[in-house]
Amino acid sequence: MKGGMPAHTVAERPVERYPLRLLFWESTVACNLECIHCRRLDVAKELVKEELTTQEAFRFIDDLATMGSPILVLSGGEPLYRPDIFEIARYAADTRRVKVALATNGTLVDERIAKKIVEAGVERVSISLDGADAKTHDEFRKLPGSFERALHGFRLLKKLGMSLQINSTIANHNVHQLRDLYQLALHLGADALHIFMLVPVGCGVEIAEDQMLSAQKYEETLNLFYDLALEAKIQTKATCAPHYFRILRQRGGSTAGHPGGMPPIKDPHLMGRMGTSHPGGHPSMAAMTKGCLAGTGVCFISHKGEVFPCGYLPVTSGNVRTKSFAEIWRTSEIFAKLRNPDLLGGKCGACEYKKVCEGCRARAFYQTGDYMAEEPYCIYVPKGLQKSSKQ
């Protein structure tokens with residue numbers, strides 16, 4: 001053993017235990033908005049020159065089609081800015097039989113675009129709403145009228161029968177609107193509400209001091225979201241919020257008799273609403289298994305082909321321009337570390353919930369420069385450390 005890593009090689013690790021569930025592809029960095037947590041337009045204009053070509057996109061999709069039943073999420077930037085996005089979606093959905101989702105801000109969706117999205121074989125569209133009202137959303141997105149335009153796009157797609165979810169970045173500017181966002185999702189007829197807890201990377205670092213929730217507020221917010229999930233008539237999912245899975249076990253299950261602190265969620269109705277069930281054996285668009293999925297069930301390909309464990313953890317494992325994506329997924333040393341919770345440091349390593357939570361590896365990296373360090377925005381004290389503190 002060296003540096004805490006198991007003696008066996010990456011190739012010997014049971015990679016089949018880590019099937020890829022979601023691949024997020026930053027199809028373009030171009031965008032029509034200037035959200036305060038994202039890139040600025042002047043930067044994007046330069047980066048867009050490095051984007052993968054259509055044929056390069058086809059090549060990594062060919063690999064993706066050999067890797068079980070993953071879902072390809074076309075994201076950005078604003079993916080609808082990419083001229084060939086519908087051609088790529090059709091290739092994935094029709095030619096390679098890969099499930100395709102589209103993540104958009106919704107402001108560019110008119111009747112023509114809505115029809116093209118449906119015809120391209122996209123199975124679900126997520127539209128970002130970062131406030132329950134126009135004022136809150138538009139200030140965050142820095143485009144007056146973007147809230148109403150997003151709702152208009154949502155309604156056009158719903159009219160065509162598209163499955164729709166709302167994505168909401170939760171930070172200090174809108175945390176008080178969480179219940180209102182849930183009610184808005186119900187009112188619009190969304191199939192799902194996914195909340196994303198702000199991660200301080202990229203331009204997010206610039207607003208972290210003002211917008212990041214405190215660890216205590218983070219815990220309160222996730223507990224409120226759990227309450228909403230109990231009453232939800234739609235799927236609910238907390239993303240970039242791994243200790244939500246500890247809360248699920250604390251409030252909905254027991255660790256007794258479950259090695260590694262990984263008890264099941266007792267309420268089957270709650271499981272269904274949260275997307276944990278897989279009807280017909282196919283992954284749900286909202287399927288959840290544990291907290292941080294970076295490099296274990298989720299992966300991210302940048303606009304220029306770099307492969308990262310997730311879109312918020314800037315440690316690259318290779319580039320699809322020079323290496324097969326499937327090979328990167330199988331052999332990456334970085335992914336191998338992320339797949340071994342015994343390598344977690346600090347209180348994450350001592351936590352009885354580490355196999356269902358794992359802490360946010362991106363926040364750990366932001367805070368310490370070590371993506372295996374403890375999650376800095378978690379107030380929970382593991383039982384073993386509770387005993388030590390009392391002695």
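Brief remarks on what is shown
- Beyond 23 Å in Cα-Cα separation lie the following of the pairs K217/K290; K49/K323; K99/K237; K354/K383; K158/K290: K158/K290.
- Cα-centre dipole for region 309-391 with unit charges at Cβ (Lys and Arg positive, Asp and Glu negative), debye to 20: 140
- Residue (of F154, P144, S128) at the positive-pole extreme of region 40-162, dipole from beta-carbon charges: F154
- Solvent-accessible heavy-atom area per residue, rounded to whole Å², over region 62-166 at 1.4 Å: 41
- In region 148-187, the portion of solvent-accessible area held by carbon and sulfur atoms comes to 51 percent [1.4 Å probe, whole percent, DNA, RNA and ligands not counted].
- Cut-off 12 Å between beta-carbons: net charge of the residues surrounding D62, Lys and Arg +1, Asp and Glu -1: +1
- For trypsin sites (Lys or Arg not before Pro), the sites in region 103-195 that DSSP calls loop and that have at most 15 other Cβ atoms within 10 Å are K142.
The values are calculated or read from the model by the stated rules, or taken from the named source; none is laboratory data. Because the structure is predicted, anything quoted here is derived from the model rather than measured. Positions of Cβ are backbone-derived with ideal geometry, glycine not excepted, and every protein chain shown enters the neighbour counts. Remember, those area values only see protein heavy atoms, side chains included, never the ligands or the DNA or RNA. Shrake-Rupley method; radii C 1.70, N 1.55, O 1.52, S 1.80 Å.
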